[in-house]
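Structure record follows, encoded as structure tokens.
Just so it is clear, none of the values below were taken in a lab; they were calculated from the coordinates. All of these numbers come straight from a predicted model, not from anything done at the bench. Virtual Cβ from ideal backbone geometry, glycine too; neighbours counted across all protein chains shown.
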Amino acid sequence: MPGIGALGPDALDLSVDDLGARLTGNTGRIKTVLTDQTVIAGIGNAYSDEILHAARISPFATAGKLTDLQLTALHDAMVSVLTDAVTRSVGQKAAMLKGEKRSGLRVHGRTGLPCPVCGDIVREVSFADKSFQYCPCCQTGGKVLADRRMSRLLK
Ligand SMILES: [Zn+2]
């Protein structure tokens, strides 16, 4: 039994079945669960945005209720996004990593810019201390998720 605060398995070590098993019964939002290092280790805020975008899954989807199709898409996206990130960082000087990491992002940190896949505007949901980005067209069937700060700004 893992102790409290123990790290989950590394994201790149998980098979689709492993991933499904980690998420089964989890009633949290997939965005939150993906970045929970006790569930899966190695996925931060930026890459979870990218993974969900590539998998075309809403950040607010319930982790334990993904369909088999979504689970497979999530796993594929997790592997490709994280592998790309590693490939890009190989041979880079530490000082360049941040810029290099940013250049590969499709939705994270791109609020208000067009989605490179469909051209819809990338949206943001913000909390007290952090925010995340997603594409409504690719991920939520065009539905814009509630975000109090954004609606205040847009008035
Ligand atoms: Zn899109």
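What does the charge count near ILE30 come to, summing +1 for each Lys or Arg and -1 for each Asp or Glu among other residues with Cβ under 11 Å from its Cβ?
Charge balance near ILE30 sits at +2.
Run down the aspartates and glutamates and flag those whose C-alpha is under 14 Å from the C-alpha of LYS31, throwing out any fewer than 8 positions away in its chain.
Reachable aspartates and glutamates: ASP49, GLU50, GLU124.
What does the net charge come to around VAL16 if you take all other residues with beta carbon closer than 14 Å to its beta carbon, with K and R at +1 and D and E at -1?
-4
Could you work out the local net charge near ALA54, counting Lys and Arg as +1, Asp and Glu as -1, over the other residues with Cβ closer than 11 Å to its Cβ?
-2
If packing is taken as the average count of other Cβ atoms within 10 Å, what order do 114-120, 57-63 fall into, highest mean first?
Highest mean packing first, the order is 57-63, 114-120.
Given H placed on each backbone N at 1.01 Å, which residues far from ILE121 in sequence or on other chains put an amide H within less than 5 Å of it?
CYS115
Could you list VAL79, VAL144 so that the one with the fewest beta carbons within 10 Å of its beta carbon is first and the one with the most is last?
Least crowded to most crowded, the residues run VAL144, VAL79.
If I take every Cα pair under 8 Å that is 6 or more residues apart in the stretch 21-60, average their sequence separation and divide by the length, what percent do I get for the relative contact order?
Dividing the mean separation by the residue count of the stretch 21-60 yields 40 percent.
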